[in-house]
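The values are calculated or read from the model by the stated rules, or taken from the named source; none is laboratory data. Computed from a predicted model, the values in this text were never measured in an experiment. Note: ideal-geometry Cβ built from the backbone for every residue, glycine included; neighbour counts use all protein chains shown. Accessible surface areas use protein heavy atoms only, side chains included; no ligands, DNA or RNA. Shrake-Rupley method; radii C 1.70, N 1.55, O 1.52, S 1.80 Å.
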Amino acid sequence: MSEVLSLQGVTKTYGMDGPTPVEVLRGIDLSVARGEVVALVAPSGAGKSTLLHIAGLLDTPTSGRVLLNGRDMTGLADRARTEARRRELGFVYQFHHLLPEFTAAENVILPQLANGAGQGAAASRAADLLGRVGLSHRAGHRPAELSGGEQQRVAFCRALANAPSLLLADEPTGNLDPETSDKVFGVLMDLVRATGMAALIATHNHDLAARMDRIVGLGE
């Protein structure tokens, strides 16, 4: 399996110019291969979100390298990093962050339009993704008309809309009750398996982590 994400000796220190620098990440080496689902298990405050932000090109490491599909992203200019995020990465968070004024289908269509897709192709892909997660009948509903589990499934579809090579998820079921969490996580795993992408999923839930291919600990 080829590596999609490779973090090499990544460190992150905040407040380096101040009297008390805070070292959040120290020498992190981590890789995720195509078709692999990796669980990142970390207690609160261990740097989980910081690591995901660095892997997702939303933040830069103090030292070390971030490679995406073999390309060193560490020194790229902001515009190039933005383009790489749009083209290669999908993000899912604990809260769905759907645009409330748009329907489920429109929330999945919009990122495709921003990436240059035509309206027809974007609508077709949105319909396909929503169908895969069992939401074809809810495509015309706005987020306020959807349950929490349905909203998060739409968020998954939005993250996959541009066919990213890497999915990054930060507690994607953390805001759901246990039964809904289990069902929604199953949908997420099915989507990742069907597309063959790489996925790095942060979770406090050890039962969910055990269902992934590999578990990586941080700060434990």
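What to note about this one:
- Acute angle (nearest 10 degrees) that the helix 178-195 long axis makes with the longest principal axis of the chain, alpha-carbon atoms: 90
- Distance between modelled label sites at GLN8 and ASP182, nm, 7 Å Cα→Cβ extension: 4.3
- Note, ³J(HN,Hα) from phi for the range 199-209, Karplus 6.51, -1.76, 1.60, rounded to Hz, x at Gly and Pro: 9, 10, 10, 8, 7, 8, 8, 5, 5, 5, 4
- In the chain, the longest principal axis of the Cα atoms and the axis of helix 148-160 are about 70 degrees apart.
- Residues whose amide H falls under 5 Å from that of ILE215, counting only those 5 or more places apart or on a different chain, are ALA39, with hydrogens built in the peptide plane.
- Carbon/sulfur fraction of accessible area - the chain, other protein chains in place, 1.4 Å, %: 51
- Residues listed by number, the range 33-69, amide nitrogen under 19 Å from ARG214 label point at 7 Å toward C-beta: 33-42, 48, 51-56, 65-69
- Global geometry of the range 125-220, whether rounded, prolate or oblate, following the gyration tensor of its Cα atoms and the 1.5 cut on a/c: oblate
- Taking every protein chain into account, the accessible area of the range 1-101 amounts to 51 square angstrom per residue (probe 1.4 Å).
- Taking the C-alpha atoms only, the angle from helix 104-114 to the longest principal axis of the chain is near 60 degrees.
- Within the listed set VAL37, VAL187, VAL66, the Gaussian network model of the chain (springs between alpha-carbon atoms below 10 Å) gives the highest mean-square fluctuation for VAL187.
- Near-label residues of the range 178-210 by backbone N, under 15 Å of a point 7 Å along Cα→Cβ of ARG34: 193-199
- Choice from ASP29, ASP59, ASP78 with maximal GNM fluctuation in the chain (Cα, 10 Å cutoff): ASP78
- Efficiency of FRET between THR62 and THR82 - r from beta-carbon atoms, R0 22 angstrom, step 0.05: 0.55
- Around PRO172: net Lys/Arg minus Asp/Glu count, Cβ-Cβ under 15 Å: -2
- Most fluctuating residue given options GLN119, GLN152, GLN94, as computed from a GNM of the chain linking Cα atoms under 10 Å: GLN119
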